[in-house]
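For reference, the structure is listed below as structure tokens.
The values are calculated or read from the model by the stated rules, or taken from the named source; none is laboratory data. These figures come from a predicted structure and were not determined experimentally. Virtual Cβ from ideal backbone geometry, glycine too; neighbours counted across all protein chains shown.
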Amino acid sequence: MANNKFTVLGRYLIRFSGQPTLTRSLNGNFVRFVGTTAKKSPSTLKLTLKGLGLGLVLGTGYAGYTFVTESKPKAHLVNEKEELFFLDKFPNVKITRSIVNPKDKSGLKITLFQYQTCPFCCKVRAYLDYSGISYDIVEVDAVLRQDIKWSPTKKVPTMLVKAPDGRFLQLTDSSMIVSVLASFLRDPSQNIVELASYYPNITFMDEKGSKKADIMNKYFLMFKDGTPRSLSKEMLEEERKWRTWADSHLVHLISPNVYRTKDEALETFEWFSEVGEWSQHFPAWERNLMVYVGAAAMWAISKRLKKRHDLSDDVRGHIYDALDKWTDAVENKKTPFLGGKKPNLADLAVFGVLSSMEGCRAFSDCLENTRIAGWFYAVKEQILRNRGLLP
Ligand SMILES: N[C@@H](CCC(=O)N[C@@H](CS)C(=O)NCC(=O)O)C(=O)O
């Protein structure tokens, strides 16, 4: 079984013509195994596997050497799991909303477990809506989280996708979800379960000795027959770079901004309640618990987050700088989007993260003090059009 998996992985490795394939993020350091050849001759395969084997032996030897010679805790891999999580039966949860796109030909049956205004969930919805996929939504109570009791991970977004064998495959992590679905939609002849297996969970110790988890390859698309000619290596690299930036930088600026003061935190939660239709989906006591406990907790937590991400008190300044950096990158392209005439996955990721604060004071301040508006509303228009909400 394990051998089989390795063979399949090996097959994908050599087909990723020039794309770095297996990437692990160890506290921001990327360890890459670079698959550079698209030739499929047996000798190339042997050579690639020998090279990988040699690399593995040398890597392991070096890791062993540094482990015994250095006493300080150091970043290292703890575990690598490839098992996917399935449910035989759909969980007993209430579908809060169904997004139906009559033009959806994907054949996918998707349920997204989310908080309406979580930046990672917004990112996934931006992708789903732009891609014209139909899906169901389960709005999870952020305090009690009963609707994800079935899930081994307690984070949202999490997704259940109906597998060809009728079971329900769980996908976790917004970027992994987008990469799996984007790989599938490029070539729906691929098996979604097999695709998901190319994004294994890893656990590792970071440099401070804390145990962390991540998902390998989460910014990479998997192409069965090599990178399509229409996509250059540079374009793919740039797309990955900004998708990573959205997760590793931009997203960390959201909480300190939208919960900057007690008043802003409460305003923000009132807006969450409005767009998440909490009064409709939860009893009044639960809705109020979510608003007041949520606002107080997030106001306090955002102070810690500010420290953790080395932000000064001028949190607005940080987000303005980030948006200027992004706008410069888009403007350098001389096209409406980073992806050209159409948004790519980086446009959708940055848009998704920002849309999570659309009703907040922080967002109107960004519109007034940066040049983000033109690009932001252009992406929004594309998304609404693909969802069939615009003529
Ligand atoms: N890397 C994850 C992050 C997801 C995440 O942190 N989600 C938050 C909500 S915004 C969450 O569920 N937090 C609950 C918890 O940490 O217990 C992704 O991209 O999906």
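Among the conditions (1) more than 16 Å from the ligand (Cβ to nearest atom); (2) not in a loop (DSSP other than H, G, I, E, B), ALA213 misses just one, which is (1).
Considering the range 225-239, the residues that are part of a helix (DSSP H, G or I) and either free of Cβ contacts under 8 Å to residues at least 24 places away in the same chain or within 14 Å of the ligand (Cβ to nearest atom) (or both) include one that is nearest to LEU354 (Cα to Cα), namely GLU237. Please work out which residue is farthest from the ligand (Cβ to nearest atom), limiting yourself to the range 132-158 and to residues that are in contact (Cβ under 8 Å) with a residue 60 or more places away in the chain and either farther than 21 Å from LEU84 by Cβ or in contact with a Leu (Cβ under 6 Å, 6 or more places away or on another chain) (or both). So the residue we want is GLY132.
Restricting attention to the range 159-181, the residues that are assigned to a strand (DSSP E or B) and more than 13 Å from the ligand (Cβ to nearest atom) total 5. Here is the figure for the range 325-343: residues that are crowded, with 16+ Cβ neighbours inside 10 Å and not in a helix (DSSP H, G or I) total 5.
Restricting attention to the range 186-206, and to residues there that are among the small types (Gly, Ala, Ser) and part of a loop (DSSP other than H, G, I, E, B), which single residue is surrounded by the fewest Cβ atoms within 10 Å (Cβ to Cβ)? Taking the candidates together, the pick is SER189. Counting the residues of the range 94-111 that are within 16 Å of the ligand (Cβ to nearest atom) and either outside any strand (DSSP E or B) or among the hydrophobic types (A, V, I, L, M, F, W, C) (or both) gives 1.
Conditions (1) under 19 Å from CYS360 (Cβ atoms); (2) among the basic types (Lys, Arg); (3) in contact (Cβ under 8 Å) with a residue 60 or more places away in the chain, marked per residue:
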{"residue": "VAL258", "(1), (2), (3)": "yes, no, yes"}
{"residue": "TRP271", "(1), (2), (3)": "yes, no, yes"}
{"residue": "PRO283", "(1), (2), (3)": "no, no, no"}
{"residue": "LEU289", "(1), (2), (3)": "no, no, yes"}
{"residue": "ARG304", "(1), (2), (3)": "no, yes, no"}
{"residue": "ILE319", "(1), (2), (3)": "yes, no, yes"}
{"residue": "LEU338", "(1), (2), (3)": "no, no, yes"}
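The test for being surrounded by fewer than 21 Cβ atoms within 10 Å (Cβ to Cβ), among the small types (Gly, Ala, Ser) and not in a helix (DSSP H, G or I) does not hold for SER364. Confirm whether SER183 is at pLDDT 95 or above, small (Gly, Ala, Ser) and crowded, with 19+ Cβ neighbours inside 10 Å. Spelling it out, SER183 is indeed at pLDDT 95 or above, small (Gly, Ala, Ser) and crowded, with 19+ Cβ neighbours inside 10 Å.
Applying the set (1) touching a residue at least 40 places away in the same chain (Cβ under 8 Å); (2) surrounded by fewer than 19 Cβ atoms within 10 Å (Cβ to Cβ) to ALA346 leaves exactly one unmet item: (2).
Scanning the range 120-131 for residues being within 9 Å of the ligand (Cβ to nearest atom) and of a type in the set (D, E, K, R) gives a total of 1.
Every condition in (1) within 11 Å of the ligand (Cβ to nearest atom); (2) surrounded by fewer than 19 Cβ atoms within 10 Å (Cβ to Cβ) holds for GLN114 except the one numbered (2). Within the range 230-244, not a single residue is surrounded by 16 or more Cβ atoms within 10 Å (Cβ to Cβ) and touching a strand residue (DSSP E or B) at 6+ places or on another chain (Cβ under 8 Å). Taking (1) out of contact with any Lys or Arg (no Cβ under 7 Å at 6 or more places or on another chain); (2) under 17 Å from VAL315 (Cα atoms); (3) touching a residue at least 40 places away in the same chain (Cβ under 8 Å) in turn, LYS262 satisfies each apart from (3). The set of residues from the range 117-156 being in contact with a strand residue (DSSP E or B) (Cβ under 9 Å, 6 or more places away or on another chain), surrounded by 19 or more Cβ atoms within 10 Å (Cβ to Cβ) and in a loop (DSSP other than H, G, I, E, B) comprises ILE133, VAL140, SER151, VAL156.
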